[in-house]
Amino acid sequence: MSKVLTLPDPAGDAETLSDQLFRKLQSAIVKGEIAPGSKISEPELARAYGVSRGPLREALHRLEGQKLLVRVPHVGARVVSLSQQELCELYEIRESLEGMACRLAAERMHAQDVQELRRVLEAHERDEAFQAGRGYYQQEGDYDFHYRIVKGSGNQMLFRMLCDELYQLARMYRIQYSNTPNRPRQSYAEHHRILDAIADGDGELAEILMRRHIRASRLNIEQQIAQGKLQKSEA
């Protein structure tokens with residue numbers, strides 16, 4: 001594994017340092033800077049970041065909790081790399097639960113929340129990478145369209161399932177496969193149609209549109225994976 005990122009300030013107490021490590025490693029994994037399937041070497045990461053093993057192990061444990069790392073018997077920790085079946089299952093879960101969240105958001109979001117979500121989409125459109133066709137907006141939390149809708153559903157259990165347990169794993173695949181030609185623009189248009197249905201209070205339509213949107217994303221990823229396998233076999 002090559003050296004990834006350097007922490008701005010390795011000094012400080014163990015808790016703060018662990019938080020810094022967690023955020024840096026999380027970002028590197030989600031963006032693909034540490035490739036799926038990569039073996040995690042604690043000594044190498046400790047040397048790369050100039051830290052002790054204690055805070056590093058705490059950060060790695062938190063990444064396991066987000067499903068970004070998996071423990072393999074007799075091998076150790078690796079960055080997650082979903083099989084096509086596992087990826088399909090993840091997107092089936094997203095399609096069902098985010099569809100539900102969308103329906104609830106249409107019933108429960110206030111007009112001010114809808115306007116804030118429109119401003120989020122306006123920020124996405126202005127993003128340099130989006131304008132250049134290199135991919136869709138990558139910020140997380142309140143700047144993430146999907147996150148804001150789940151939050152707007154008002155269902156805390158749903159929020160924990162989608163925005164705590166599965167969120168970063170889903171973001172990993174959304175980001176790493178978001179640069180397909182035309183897909184960023186298509187995704188943006190789909191987001192606008194979903195938001196219009198929410199603004200109209202049409203929960204049934206909002207759910208249908210969100211489910212179609214996530215299904216289209218899954219098919220896009222599966223197509224890219226299939227093309228990658230084909231290219232390798234032809235090499």
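The values are calculated or read from the model by the stated rules, or taken from the named source; none is laboratory data. Small disclaimer: the values here were computed from a predicted structure and weren't measured. Cβ: placed from backbone, ideal geometry, glycine included. Neighbour counts: every protein chain shown. Accessible surface is based on the protein model in full, side chains and every heavy atom, while ligands, DNA and RNA are left aside. Shrake-Rupley method; radii C 1.70, N 1.55, O 1.52, S 1.80 Å.
Under 6 Å by Cβ, and 6 or more places apart or on different chains, what pairs join a residue from segment 180-205 that is more than 15 Å from Arg119 (Cα to Cα) with one that is surrounded by fewer than 17 Cβ atoms within 10 Å (Cβ to Cβ) and among the charged types (D, E, K, R)?
Pairs found: Gly203/Glu107.
Please state which one of Arg71, Arg103 is under 25 Å from Glu190 (Cα atoms) and touching an Asp or Glu at 6+ places or on another chain (Cβ under 9 Å). It would help to see each step written out before you state the result.
On the way: Arg71 fails: under 25 Å from Glu190 (Cα atoms).
Result: Arg103 is the single residue among Arg71, Arg103 that is under 25 Å from Glu190 (Cα atoms) and touching an Asp or Glu at 6+ places or on another chain (Cβ under 9 Å).
Can you work out which of the residues in segment 1-31 that are at pLDDT below 90, within 25 Å of the chain's Cα centre (by Cα) and not aliphatic (A, V, I, L, M) is surrounded by the most Cβ atoms within 10 Å (Cβ to Cβ)?
Among those residues, the one meeting the criterion is Ser18.
Restricted to segment 39-84, and to residues that are of a type in the set (Val, Ile, Thr) and open to solvent by 40 Å² or more (accessible area, probe 1.4 Å), which residue is nearest to Gly228 (Cα to Cα)?
Applying the filter and picking the extreme gives Val70.
Tell me which residues, restricted to segment 164-182, are farther than 14 Å from Leu87 by Cα and buried (at least 20 other Cβ atoms within 10 Å of the Cβ).
Ser178
Would segment 173-182 turn up any residue that is assigned to a helix (DSSP H, G or I) and modelled with pLDDT of 85 or more? Outline the logic, then answer.
To start, the set of residues in segment 173-182 that are assigned to a helix (DSSP H, G or I) comprises 173-176.
Now drop any that are not modelled with pLDDT of 85 or more, which leaves 173.
Within segment 173-182, one or more residues are assigned to a helix (DSSP H, G or I) and modelled with pLDDT of 85 or more.
If I filter segment 29-52 for residues that are acidic (Asp, Glu), closer than 26 Å to Tyr143 by Cα and in contact with a Ser or Thr (Cβ under 8 Å, 6 or more places away or on another chain), do I get at least one hit?
Yes: one or more hits.
What number of residues within segment 205-227 are farther than 20 Å from Arg148 by Cβ and either part of a loop (DSSP other than H, G, I, E, B) or open to solvent by 10 Å² or more (accessible area, probe 1.4 Å) (or both)? Give the steps one after another, and end with the answer.
Residues of segment 205-227 that are farther than 20 Å from Arg148 by Cβ, as a first pass: 215, 218-227.
Narrowing the set further to residues that are either part of a loop (DSSP other than H, G, I, E, B) or open to solvent by 10 Å² or more (accessible area, probe 1.4 Å) (or both) leaves 215, 218-220, 222-227.
Residues in segment 205-227 being farther than 20 Å from Arg148 by Cβ and either part of a loop (DSSP other than H, G, I, E, B) or open to solvent by 10 Å² or more (accessible area, probe 1.4 Å) (or both): 10 in total.
Being in contact with a His (Cβ under 9 Å, 6 or more places away or on another chain) and modelled with pLDDT of 90 or more narrows it down to one residue among Leu56, Leu121, Leu104; which is it? Walk me through it before giving the result.
On the way: Leu56 fails: in contact with a His (Cβ under 9 Å, 6 or more places away or on another chain); Leu104 fails: in contact with a His (Cβ under 9 Å, 6 or more places away or on another chain).
Answer to the selection: Leu121.
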